[in-house]
Amino acid sequence: MVALWGAVPLAAQSPLSGVGRTATPEEIRGLGLAIGPDGSGLPEGSGTVAAGRELFATHCSRCHGPKGEGEVGPALLGGQGTLATAKPFKTVGSFWPYATTLWDYINRAMPFDKPGLLKPPEVYAAVAFILNLNGIIGDGAVMDASSLPKVKMPNRDGFVADTRPDVGPGAPSRPQP
Amino acid sequence: MKPSFPTSRRDILRMGAAAMGGTLLSEQEALALDTPGTLGAPLGPYGDRSPFEKAVRWRRESKTPETGSSFTPLQDSVGTLTPSSLHYERHHSGIPTIDPARHRLVIHGMVDRPLSLSMADIRRLPSVTRTMVLECGGNSASEWAATTAPDVQRSFGLASCSEWTGVSLPLLLAEARVRPGASWVIAEGADACRMERSIPLAKALDDAFLAYGQNGEALRPAQGYPLRLRLPGWEGNANVKWLHSLKLTDQPYMARDETSKYSDLMPDGKARIFSYRMEAKSVITFPSGGQTVPGPGVYELTGLAWSGLGRIERVEITTDGGKTWTNAKLQEPRLPIAFTRFRLPWRFDGREAVIASRATDETGYLQPSREALVAVRGTNSVYHFNGMKFWRVRADGAVSNVEV
């Protein structure tokens, strides 16, 4: 056995030795819902700004302030136009490139002390309310799997590739690993 | 004078003091050093450090202590390893309690064979062991501001070095049979917030591994027990703890912790995204802020250097505020992406000295000054600060940070 493992590069063998078992659909459903920026992974359901306002008062304002201005938790609005200034204010409205991220994050991580509490329609509603707070969608907008990925965030084009090494002698000629 | 032989440890101690030209220990002092006449503690199943040792992690007070960071006391560390109990922490929703008998890793998405592995399955596979530093992307964030942090713990303490043991990720990905067209892996933890990061498949297929061991035992819960993604040289947050899901995709998922956080805002308002690499860095740990040099004399200047891109080749030290630099001696072996301790004998002559270190790694990259970093990146990029840290040793020996 030892001799065999020494002689054969294991990575080249597939299957290894049938390690583990095939994942079941239930198992995969039990993992967090990962949402892509194109909306892949978004579940059924929908939520309105009005429903979101109510939900926010119940579940979120305690930490984020009644108007989302921030308290224990960070501010959820403001800062548009500040990114290139000496005092940038990074929020969902000023900084986040994709609205889908808001769905993904609230669903997996909020409310902070009870993550996973919200059902998909409630997550859509919370997202709709926060986007509306930031002036990104109108009062009557409804968020669902088809409308959410179409929302264009103000800072959609604000992200660039990492260009390090960017400082110091010899920096530009160094190969990127 | 009769020839006398030491008859007890007390005698030996007295003789030692005399031989060294010191004053004789008083009877009382010698007694205190002597073996007490009572038995010590019995053998025990799991060790504790001496009650006289007080080094602890530091953290900021917070109303939500489940998210935040605790800093390694680098000023108290000797050698190159960080004890697991002092390894820095950065959690976003607390430390979960996970029963390894129930924990599974699921590899799914763009694979031919969606795979579910128990911890027993994972531990059965050939293992790899690497001694490596782990550094938070936000380590030294304090140093962008003009008022820098006062000591090495609060300025550089979100970096720690451990020996990690686990399973090669390429091995498991081959087993799941990644489909053509897949280019990213979405990693997810089993903590309350299900921490999520997008990892380029190229990195996963290069040197990534899944760690279950740290410093000769299982990972500590705070470090991801029972399983953690380890990405050599990449920022801590991407090394997802409590790993339970790897989803193969054809795009990054733009998770909150790679867009809103862990991206680097530049002066022009654009933010660098997917900036995972941690560049060469070093800091003097003695003498460092908050310490006191007892008086004029010869001391060993010492500190730690590391680079996410490989081995440390050179560490230079200045004691005149950056005018002249001297090579420090490097502790061997110098392992890639690991803490490398450096040392230099130094005579403190009782006059103020401004000291700092700068590291060069095997790619030829030289650790920059804070000014050089700020000239390119401004002061609002939060992450990936790797500038030099200057300490001022005052004439009376008190050491503090240098205001810029």
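Report note on the peptides B:264-274, B:223-233: ranked by the mean count of other C-beta atoms within 10 Å, highest first, their order is B:223-233, B:264-274.
Normalising the Debye intensity of chain B to I(0), with uniform scatterers on Cα atoms only, and taking log10 at q = 0.09, 0.10, 0.14 Å⁻¹ returns -0.63, -0.75, -1.24.
Using only the Cα atoms, what convex hull volume per residue in Å³ does the stretch B:281-401 have? Show your work: numbers first, answer last.
Working: hull volume 12.6 nm³, N = 121.
Residue-normalised Cα hull volume stands at 104 Å³.
Quick one: ranking A:D104, B:D250, B:D320 by accessible area, 1.4 Å probe, largest first, what do you get? Walk me through the numbers on the way to the answer.
Numbers: A:D104 5, B:D250 95, B:D320 50 Å².
Of A:D104, B:D250, B:D320, the descending order of accessible area is B:D250, B:D320, A:D104.
Selection among B:A55, A:G39, A:N132 by position relative to the dipole of the protein assembly as shown gives B:A55 as farthest towards the positive end (Cβ unit charges, Cα centre). Ranked from largest, the principal axis spans of the Cα set of the stretch A:48-177 equal 56, 32, 28 Å. Each of B:Q223, B:T360, B:F342 was scored by the projection of its Cα onto the charge dipole of chain B, and the greatest displacement toward the positive side belongs to B:Q223; charges sit on the C-beta of Lys, Arg, Asp and Glu. Couplings 3J(HN,Hα) of the stretch A:154-162, computed from phi: x, 9, 3, 9, x, 10, 10, 5, 6 Hz, in residue order, whole Hz [Karplus 6.51 cos²θ - 1.76 cosθ + 1.60, θ = phi - 60°; x for Gly and Pro]. Here the sum of -39500 (n - 2.57) over DSSP H runs of 4 or more residues, divided by the residues of chain B, equals -3000 deg cm²/dmol at 222 nm, to the nearest 500. Ranking B:T97, B:N139, B:V111 by Cα position along the charge dipole of the stretch B:42-144, where only Lys, Arg, Asp and Glu carry charges on their C-beta atoms, puts B:V111 farthest toward the positive end.
For peptide B:165-176, the mean count of partner chain Cβ atoms within 10 Å of a residue's Cβ comes to 3. To the nearest 10 degrees, how steeply does helix A:49-59 sit against the main Cα axis of chain A, on a 0 to 90 scale? Tilt of helix A:49-59: around 80 degrees. Eigen-decomposition of the gyration tensor built on the alpha-carbon atoms of the stretch B:117-158 gives equivalent ellipsoid semi-axes of 38, 10, 7 angstrom, largest listed first. The string of couplings for the stretch B:96-108 from the Karplus curve (6.51, -1.76, 1.60, θ = phi - 60°) is x, 9, 10, 7, x, 5, 10, 7, 9, 9, 10, 10, 8 Hz, one whole number per residue in order, with x for Gly and Pro. Taking the alpha-carbon distance from B:K247 and a cut-off under 22 Å, which lysines remain once sequence neighbours fewer than 8 residues away in the same chain are dropped? Hits, sequence-local ones excluded: B:K203, B:K261. Phi angles across the stretch B:239-252 convert, under the Karplus curve 6.51 cos²θ - 1.76 cosθ + 1.60 with θ = phi - 60°, into 3J(HN,Hα) values of 7, 4, 8, 6, 4, 10, 8, 10, 10, 7, 9, 9, 7, x Hz, Gly and Pro given as x. Partner shielding of A:97-106 amounts to 4, given as the average count of beta-carbon atoms from other chains within 10 Å of each residue beta-carbon.
For the protein assembly as shown, what does the convex hull of the Cα positions come to per residue, in cubic angstrom? Walk me through the numbers on the way to the answer.
Numbers: hull volume 119.8 nm³, N = 581.
Once divided by residue count, the hull of the protein assembly as shown is 206 Å³.
Rounded to the nearest 10 degrees, the angle from helix A:120-133 to the longest Cα principal axis of chain A is 60 degrees.
How large is the charge dipole for the protein assembly as shown, taken about the Cα centre, if only the Cβ atoms of Lys, Arg (+1) and Asp, Glu (-1) carry charge, to the nearest 20 debye?
Numbers: 64 positive and 58 negative charges, 72 e Å.
Computed about the Cα centre, the dipole is about 340 debye.
The values are calculated or read from the model by the stated rules, or taken from the named source; none is laboratory data. Predicted model only: the values in this text are computed from it and were never measured. Cβ sites come from the backbone with ideal geometry, for glycine too, and all protein chains shown count toward neighbours. Ligands, DNA and RNA are stripped out before the accessible areas are found, and what is left, the full protein with its side chains, is counted by its heavy atoms. Shrake-Rupley method; radii C 1.70, N 1.55, O 1.52, S 1.80 Å.
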